[in-house]
Amino acid sequence: MAERMHGHRPPPTDTEIHSADWDGRELDREVHRRVLFADVDMTEATDRGSVFDECVFRDVRFNVSVHEDARFASCTFVRCSFFDATFRGCKLTGSMFDDCSYGLLKVEGGDWSFAGLAGADLRGSSFREVRLREADLTGARLEGASLLRCDLSGALVHSADLTRCDLRGSDLDGLDLLTAKIGGAVVDVQQATVVAATLGLDVR
């Protein structure tokens, strides 16, 4: 299993839920702490304000699920699928993703700071007004994705592919764009100045 940033490993879990069918289930402000969810089907589940603290999700299917104002703090996701899943106003601070699939993932608002998404294939995903401060996007594939009006300050983008990624309105300060692929990325005028300065150009 991949480690979190700075080498911290996830805490141990205390209880386990195996092979449960939560397909279409409505979760309303449920609280789960240090729970291992293994091979759980959460397809089309609706989650409003639930709390998952330091939980581990292994082979869990979040496909077409909707999560609003939920918290997944310092959670670990291993081989999970997020096809067409939606997260609105959710907090995933410090959560780590390992070998997951994300086709058409939609994230609207919320805080994903310090999230570990190294190597994630996020092509076609959409992030709008999301806090991604110091998130680990090392080697992530973001071709054709949208990162609109996001706070990316301090995020790690070494070897990330931002080809044709829509970055308009996002905070690019502190990003080492020299280590990422940015051909065809869409930026606004103000961002173009930041990028030019990063590349060592003298904008007048």
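Computed values, structure above
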item	result
3J(HN,Hα) from dihedral phi, the stretch 67-78, Karplus parametrisation 6.51/-1.76/1.60, rounded to Hz, x for glycine, proline	10, 10, 6, 8, 10, 10, 8, 6, 8, 10, 10, 10
Normalised contact order of the stretch 108-204, rounded percent, pairs of Cα under 8 Å and 6 or more residues apart	21
Ellipsoid equivalent to the stretch 42-138 - semi-axes via the Cα gyration tensor, in Å	16, 15, 14
For Arg71, residues with placed amide H under 5 Å, excluding near neighbours	Ser50, Val51, Phe52, Lys91
Theoretical ellipticity at 222 nm over the chain - DSSP helices of four or more residues, -39500 (n - 2.57) apiece, nearest 500	-1500 deg cm²/dmol
Positive-end extreme of charge dipole, the stretch 97-154 - chosen from Gly109, Gly139, Ala120 (charges on Cβ)	Gly109
Backbone HN-Hα couplings from phi across the stretch 161-169 [Karplus 6.51/-1.76/1.60, Hz, Gly and Pro as x]	9, 9, 4, 6, 6, 8, 10, 4, x
Top positive-direction residue, dipole computed over the chain with Cβ charges, set Val130, Leu156, His32	Leu156
The stretch 59-129: trypsin sites (Lys or Arg not before Pro) falling in loop per DSSP and having at most 14 other Cβ within 10 Å	Arg79
Thr198/Ser19 FRET efficiency (R0 45 Å; Cβ-Cβ; nearest 0.05)	0.40
Degrees, to the nearest 10: 189-198 long Cα axis against longest axis of the chain	80
Sites Asp188 and Glu134, calculated FRET efficiency, Cβ-Cβ separation with R0 35 Å, nearest 0.05	0.95
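Here, each number is a calculation from the coordinates, and none is a lab measurement. This structure is a prediction, so every number in the text was calculated from the model and none was measured. Neighbour counts are summed over all protein chains in view; Cβ atoms, including those assigned to glycine, are modelled from backbone coordinates with ideal geometry.
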